[in-house]
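Engineer: I am attaching a structure below and will ask some questions about it afterwards.
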């Protein structure tokens, strides 16, 4: 089977590849979002503790 | 003694019910065949939405004046007290819907033969909606966004009642037997009567602690 | 208002080492160590699964190459259901035993499960379009998935509407439990509704028994998604733990020891925060 046939997926190429693309997006998103949130949480807590230290 | 507030509690859902049903012919056109086909679903969805509209009021007044917290301390089981509140609420907000429904169904060109089934399905179904709705109302006590939030929580849980309630009316309209539907709706009612007050009571405790 | 831990009476119960990991403080580093392993395994199984799904599995007799969508759609749908059950179970544990970690697990599950549901719906739609000709077909499984999505969104909306983390967790747990009890009823109702309205000519995807050559990539992808779920839920749980335990000494030290600024005076100078 040639690469062209592979991408065409017997005429269903759009449906198949969009599905796999969506899966990739969802899987990536659910890794990236928590990793970014981690940075935000840590930064916010750092500022919070710093503020508490100063105001004591 | 019917206070002004109570009259409003009873009237608002009913008026809403009537308006929503009236919207459909305006939206899809007055052709009797189309309306008749839509009638069971439309009347049922409108009744469901009207019930949902009335839910915030279930606990709101008692919550505002502190009576609700007193209920938590009462010797009677909270679930029983919740059930009593829901029954009272349904008599005021749900029963009028059931009584008005035949009129609105006729507006939607529902065959007259199906009217008794409609009334029975709503009679069995709207209490279930109120019972499940009580759980939603208890969970969202005092929260901003109350009414819409309750709807979001409670609508997915309403789907079985809707499916079989409207289904029974549609079956009656085409002359089929509705005994199985009524039994199922009755089963839902019994299940809801058994479990919903208990869940709503637990939710009240969570909200008021 | 903080409640004092109940003082255990009677003899110490014999517990497994598991007991130690039930507190957020000990779970946090454990999760941190587990994440790379689960992540690695996920990547490995995804690679193998995708290879089988795209290259080895033969096209279906009826559906042709579009059957490959099944290798995404079905595992996503399975996970959407599984995660909801985990969420409800964790919620129940949190309610009954007042276990913070269970509450954190439940809260972390919600968005992941919702995303799996969205993926199942989108791929279901993409699978259905070439089969049935419409972008949205109200078949039983898709309709049930849609209602499941609304159930997830309800839990998430309730949580974000409540500021107090304890009340939020308990309320969401009750809602999730009510939902999980209703799911079989909803599924049964939707199935019935569908057989009533469905035209006889519509084929039902996935009902006939599945051939082994399609089963292997399906199971590989399912396991990959499961490992992925564990990885990602651990990630979210760590964030949630930092957030909820921010007043505790161990989090304070953890964050501040990574701080670029010079270390603060020894913790004994100031009153300790409320212990976790």
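The numbers here are math on the coordinates, done by the rules we state, and not lab data. These figures come from a predicted structure and were not determined experimentally. Ideal geometry is used to build each Cβ from the backbone, glycine not excepted, and the neighbour counts take in all protein chains shown.
Engineer: Compute the angle between helix B:115-139 and the longest alpha-carbon principal axis of chain B, please, reported from 0 to 90 degrees and rounded to the nearest 10.
Structural biologist: Relative to chain B, helix B:115-139 is tipped by roughly 30 degrees.
Engineer: What is the fewest-to-most order of C:250, C:115 by other Cβ atoms lying within 10 Å of their Cβ? Display every interim value, and only then the final one.
Structural biologist: Numbers: C:250 17, C:115 23.
So the residues, fewest neighbours to most, are C:250, C:115.
Engineer: May I ask you to derive the FRET efficiency for residue A:43 and residue B:177 from their Cβ-Cβ distance with R0 = 56 Å, giving the value to the nearest 0.05? Could the numbers behind the result be given before it?
Structural biologist: Numbers: r = 66 Å, r/R0 = 1.18.
Approximately 0.25, to the nearest 0.05.
Engineer: Let me ask something additional. Kindly put B:89, C:73, C:197 in sequence by how many other C-beta atoms sit within 10 Å of each C-beta, fewest to most. Walk me through the numbers before you get to the answer.
Structural biologist: Details: B:89 23, C:73 28, C:197 10.
So the residues, fewest neighbours to most, are C:197, B:89, C:73.
Engineer: Run a plain Debye calculation on chain A (Cα atoms as equal point scatterers, no solvent) and give log10 I(q)/I(0) at q = 0.24, 0.25, 0.30 Å⁻¹, rounded to two decimals, same order as the q list.
Structural biologist: -0.89, -0.91, -1.03
Engineer: Now for a different question. So for the protein assembly as shown, what percent of the C-alpha to C-alpha distances run longer than 47 Å?
Structural biologist: Details: 32967 of 146070 pairs.
Looking at the protein assembly as shown, the distances longer than 47 Å represent 23 percent of pairs.
Engineer: Given C-alpha coordinates of chain B, what is the ratio Rg to Rh with the Kirkwood estimate of Rh? Provide the component values of the computation, followed by the final result.
Structural biologist: Values: Rg = 17.5 Å, Rh = 17.5 Å.
In chain B, Rg relative to Rh is 1.00.
Engineer: Across peptide B:136-144, what mean number of C-beta atoms from other chains lies inside 10 Å of a residue's C-beta?
Structural biologist: Working: counts 4, 0, 2, 11, 6, 2, 1, 7, 1.
Taking all residues of B:136-144 together, the mean is 4.
Engineer: Using only Cα atoms, find the angle between the long axis of helix A:13-54 and the longest principal axis of chain A, and express it within 0 to 90 degrees, rounded to the nearest 10.
Structural biologist: Long axis of A:13-54 versus the principal axis of chain A: about 10 degrees.
Engineer: Something else now. Give me the Kirkwood hydrodynamic radius of segment C:111-241, using the inverse of the mean 1/r over all pairs of distinct Cα atoms, in Å to one decimal. Provide the component values of the computation, followed by the final result.
Structural biologist: Values: mean 1/r = 0.0583 Å⁻¹.
For segment C:111-241, inverting the mean 1/r across all distinct Cα pairs yields 17.2 Å.
Engineer: Also, quick follow-up: Among C:251, B:28, rank each residue by its count of other Cβ atoms within 10 Å, from fewest to most, as a rough exposure measure.
Structural biologist: Numbers: C:251 22, B:28 12.
Ascending number of Cβ neighbours within 10 Å: B:28, C:251.
Engineer: Any chance you could check the Cα centroid distance between segment B:149-209 and segment B:2-51 for me, in angstrom?
Structural biologist: 19
Engineer: Roughly how far apart, in whole Å, are the Cα centres of segment B:92-145 and segment C:219-252?
Structural biologist: Using only Cα atoms to place each centre, the spacing works out to 43 Å.
Engineer: Let me ask another. Averaged across C:175-182, how many Cβ atoms of other chains sit within 10 Å of each residue's Cβ atom?
Structural biologist: Details: counts 9, 0, 2, 13, 3, 0, 4, 6.
Per-residue shielding by partner chains comes out at 5.
Engineer: Helix-only mean residue ellipticity at 222 nm, chain B, DSSP H runs n ≥ 4 weighted -39,500 (n - 2.57), per residue, nearest 500. What is it?
Structural biologist: -28500 deg cm²/dmol
Engineer: Given the peptides B:140-146, A:38-44, C:233-239, arrange them by the average over their residues of other C-beta atoms within 10 Å, most packed first. Working shown, then result.
Structural biologist: Numbers: B:140-146: 16.4, A:38-44: 13.6, C:233-239: 22.7.
Final packing ranking: C:233-239, B:140-146, A:38-44.
Engineer: Please report how far the C-alpha centroid of segment C:156-176 lies from that of segment C:53-96, rounded to the nearest whole angstrom.
Structural biologist: 27
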